[in-house]
1. Over 21 Å apart: what share of the alpha carbon pairs of region 333-452 falls there, rounded to a whole percent?
2. Only sites in a loop by DSSP and with at most 14 other Cβ atoms within 10 Å count here; which trypsin sites (Lys or Arg not before Pro) in region 365-457 make the cut?
3. Counting alpha carbon pairs within less than 8 Å and at least 6 residues apart, what relative contact order, in whole percent, applies to the chain?
4. May I ask for log10 I(q)/I(0) of region 121-237 at q = 0.17, 0.18 Å⁻¹, from a Debye sum over the Cα atoms as equal point scatterers with solvent left out?
5. Given charges of +1 on the Cβ of Lys and Arg and -1 on the Cβ of Asp and Glu, with all other atoms neutral, how large is the dipole of the chain about its Cα centre, in debye to the nearest 20?
6. How much of the DSSP beta bridge set in the chain is antiparallel, as a percent to the nearest 5?
7. In units of 2.2 N^0.38 Å, what is the alpha-carbon radius of gyration of region 277-342?
8. Output the Kirkwood hydrodynamic radius of the chain, Cα pairs only, in Å rounded to one decimal.
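No lab work stands behind these numbers, since they all come straight from the coordinates. The structure displayed is predicted, hence computed values, not measured ones. Cβ: placed from backbone, ideal geometry, glycine included. Neighbour counts: every protein chain shown.
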Amino acid sequence: MKKLLAIGCGGAGMFSLVVASQLRKGKFETIVLSDEPDIYCRCTSTYILSGEAEIDDAIQPESMVSDYGVKIIHEKAVKIDTAKREVLTDQGTVFAYDELVIATGARPVRPPIPGIDLPGIYTVRTSDDARRMQETARTAESVVVIGAGVIGMEVAGALHVGQMKHIALVESAASIPRAIADPEFADRLVALLKGYDIYVRFESRVVEIKLGADGKKEVVIERAGATESLVADMVIVATGVRPNSEIAEEAGIEVSPQGIVVDGRMRTSSAHVYACGDCAAPHSAVTGERVASTLASLAIQQSKIAGFQIAGFPIRYGGSTGAFALRILGREYASVGLTEELAREKFRWVAVGRAESTDVYNDLKSKQPLWVKLIFAGPRMRLVGYEAYGNGVIASAEVASFAIGQKTSILGMLRFNYISHPSLTPWPFMNPIIMATEDAMNHLMQRIRSFLGARSI
């Protein structure tokens, strides 16, 4: 019986073995090594802070994989020997493997700020992080969140829902990172946060964190040569994550700054070794470049590709579209592929289409505004980017993600068949995907006419 081994108890590691074992029932002995005490759904962390979820509900029973014959052993892998096909743990146990899946995830980046390790300063990753933040937040009245990326914004919004009185969001960049949103959408998100009295400071670098006699933290920030002190009961660091790729690199497996290098079948540079999830660096479906892969949806998809490959079904990964969504203070934002700024850096020909609609039929009193932006680029004018802000944007974001993965052209998008329902979608003649595509086509034709110097085409 072949031995399948995975390092890491997140979705990527577990489900790769579940898929393989189900495709070839009775053919594999499957073991997952984990240095975490539980299977925690970290996507729920912000909802725990807002009071909309409980930690215990976010911890999944081990039976979700053991029922499929996958055994979880709580030991930390410390060394991989690819020649012997063995993994050594911190307990001195040696596990042999025929096929190995590295799914070691990522860890929060803690900037080298004096005082960053003081009590009351948290990162958002594990169930233990969530417990400690939740306990402190019950009595805290003020918080400073460092980092205005996806996690930072969601944390700030969640704490407001959880009745935190004073919230400050500090970011060293001039705005929300441009890989997340173009200025027009970044401005809407910032306006939303400020509308709920969240104190937002851009171009502000945290230079020191001090501990006061009363236990409060003094966060010293520098902006344009001047300093400002923000006093808070707790500090949350949301400055990104770094892939846990060291164990692979020490084993001689190729690693890039984005993570462990994998091909379209999630294979690493070492035979019989796969990688998926936050620690892996697959290719982009848009540019073909190697990219970080720090989304739960991508981890699960990659794990299934690895599982299929191990079981003898050579299905290839189509590449990452980078699709993500966030919900802040009752509003949703979604992004797929490249933002307009990044697209213009990579392509000579770019056509952008915008649409403003409503999330439901305009007849209904409950309607809310909805904005969609599509970016087409390259010789074939294929869809390379999508942004949307409003409510109910997930459905169109998934359409965009599929279209980008399929390299759909602007003409292909015009043939999109969509569903309409008064309380679920915009008016049928105001579908934002079609409207934005038509707008992009109009801009493209104008540019072509100008380029050719003709009055019509």
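1. Working: 2423 of 7140 pairs.
Cα-Cα pairs in region 333-452 separated by more than 21 Å: 34 percent.
2. Numbers: sites: 365, 367, 373, 380, 382, 407, 415, 447, 449, 455; in loops: 365, 367, 380, 407, 415, 455.
Answer by residue number: 365, 380, 415, 455.
3. Details: 1048 pairs, mean separation 61.1, N = 457.
Reported relative contact order: 13 percent.
4. -0.83, -0.93
5. Values: 49 positive and 52 negative charges, 351 e Å.
Dipole about the Cα centre, nearest 20: 1680 debye.
6. Approximately 60 percent, going by the DSSP bridge assignments.
7. On the way: Rg = 13.8 Å, N = 66, 2.2 N^0.38 = 10.8 Å.
Normalised Rg, Cα atoms only: 1.28.
8. It is 23.8 Å.
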